[in-house]
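Rule-based calculations on the coordinates, nothing more; no lab input. All of these numbers come straight from a predicted model, not from anything done at the bench. As a convention, Cβ positions derive from the backbone with ideal geometry for all residues, glycine included, and neighbour counts pool all protein chains shown.
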Amino acid sequence: MIVQKTIIENPKIHSRNLNFYYGDVQALFDINLQLPDKLVTALIGPSGCGKSTFLRTLNRMNDIIDGTRVEGKVTIDDKDIYDKHVDVVKLRKRVGMVFQKSNPFPKSIFDNIAYGPKIHGTKSKEELALIVEKSLKEALLWDEVKDRLHVSGLSLSGGQQQRLCIARALAVNPEILLMDEPTSALDPRATAGIEELIRELAGSYTIVIVTHNMQQAARVSDYTAFFYEGKLIEYDKTKKLFTTPAEKQTEDYITGRFG
Ligand SMILES: Nc1ncnc2c1ncn2[C@@H]1O[C@H](COP(=O)(O)OP(=O)(O)OP(=O)(O)O)[C@@H](O)[C@H]1O
Ligand SMILES: [Mg+2]
């Protein structure tokens, strides 16, 4: 199998010979992938192929799962994030994450967003209010909630809750946003809202999104990586990968022949 090498100039994230194990079970095999700065990369592939596992290696979220082991390297801005001197809390501030199921804290909209900045040391009320406004505006949610910042985040619609979670991630000034199937629980209209938001945020943030939806990958991403059984099969510009894939397995998957 030939892994097509798309060389990205000055990649923001670079995984080299990355292997990942849950106990004795190997979930990622020798992943070499360079992800571009301030663009959107989609990770696609059938269930169980390692998309979420790979995503979680990028901010060491796998560390919290017992019995896991990483081999190889992941660098962000050329610095090894698995180096023993890395402060994982700081790493996760730089590399924010949004999940499949929106998970606002059972707190007000305001407090959902102020929470992270507070933990990282912002105390002034005025400053927090500015961060809340800026983050909600960036997440294209401000106009819908500006008059009710003190109602519970859980009172929002699904799509609004997901944008709230994105605003919460943005509030601590990340450089990278990881999104694991961020729209799979949403209706088409809310999904369109999140996709629009992802395009807005590209250019300012490096975004990595896992999706089962081919159309979504084609719509929102600049580059796409196709995984199969823990291996990276093909990686290329999204347009290229979806129109003229180099590998038969990629073609079979994107044309819906399996997965
Ligand atoms: N916490 C875990 N403990 C043990 N094995 C796991 C764990 N999480 C995932 N795996 C295994 O690792 C492999 C890759 O799983 P992963 O969740 O990364 O796949 P995925 O591509 O995200 O799938 P899906 O599209 O269903 O979300 C699978 O075989 C899975 O069973
Ligand atoms: Mg997954």
Region 95-112 - phi-based ³J(HN,Hα) in whole Hz, Karplus 6.51/-1.76/1.60, Gly and Pro as x: 10, x, 9, 10, 9, 4, 9, 4, 9, x, 5, x, 9, 5, 3, 4, 5, 4
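Loop only by DSSP, 11 or fewer other Cβ within 10 Å of the Cβ. Give me the trypsin sites (Lys or Arg not before Pro) in region 104-176 that pass, ordered by residue number. If you can, show how the numbers build up before the last one.
On the way: sites: LYS107, LYS118, LYS123, LYS125, LYS134, LYS137, LYS146, ARG148, ARG163, ARG168; in loops: LYS107, LYS123, LYS146, ARG148.
Those that pass, being in a loop and sparsely packed, are LYS123.
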Reach of LYS248 by Cα under 27 Å, taken over lysines that are not fewer than 8 positions away in the same chain: LYS5, LYS51, LYS231, LYS237, LYS239, LYS240
Label-zone membership for region 31-47, site ARG199, 7 angstrom Cα→C-beta point, backbone N under 14 Å: 40
At most 16 other Cβ within 10 Å, DSSP loop - GluC sites (Glu not before Pro), region 167-253: GLU229
Helix-derived mean residue ellipticity, 222 nm - over the chain, DSSP H n ≥ 4, -39500 (n - 2.57), to 500: -10000 deg cm²/dmol
Amide H partners (placed H, <5 Å) of MET97, local residues excluded: LEU178
At 1.306 mPa s and 10 °C, Stokes D of region 52-98 from Kirkwood alpha-carbon radius, µm² per second: 143
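Just subtract the alpha-carbon distance of GLN100 and LYS239 from 0.36 nm times their residue separation and send over the number in nm, one decimal.
Details: separation 139, 0.36 × 139 = 50.04 nm, distance 2.51 nm.
In short, 47.5 nm is gained.
From the C-alpha coordinates alone, can you work out the Kirkwood hydrodynamic radius of the chain, in Å? Provide the component values of the computation, followed by the final result.
Details: mean 1/r = 0.0530 Å⁻¹.
Taking the inverse mean of 1/r over all distinct Cα pairs, the chain comes out at 18.9 Å.
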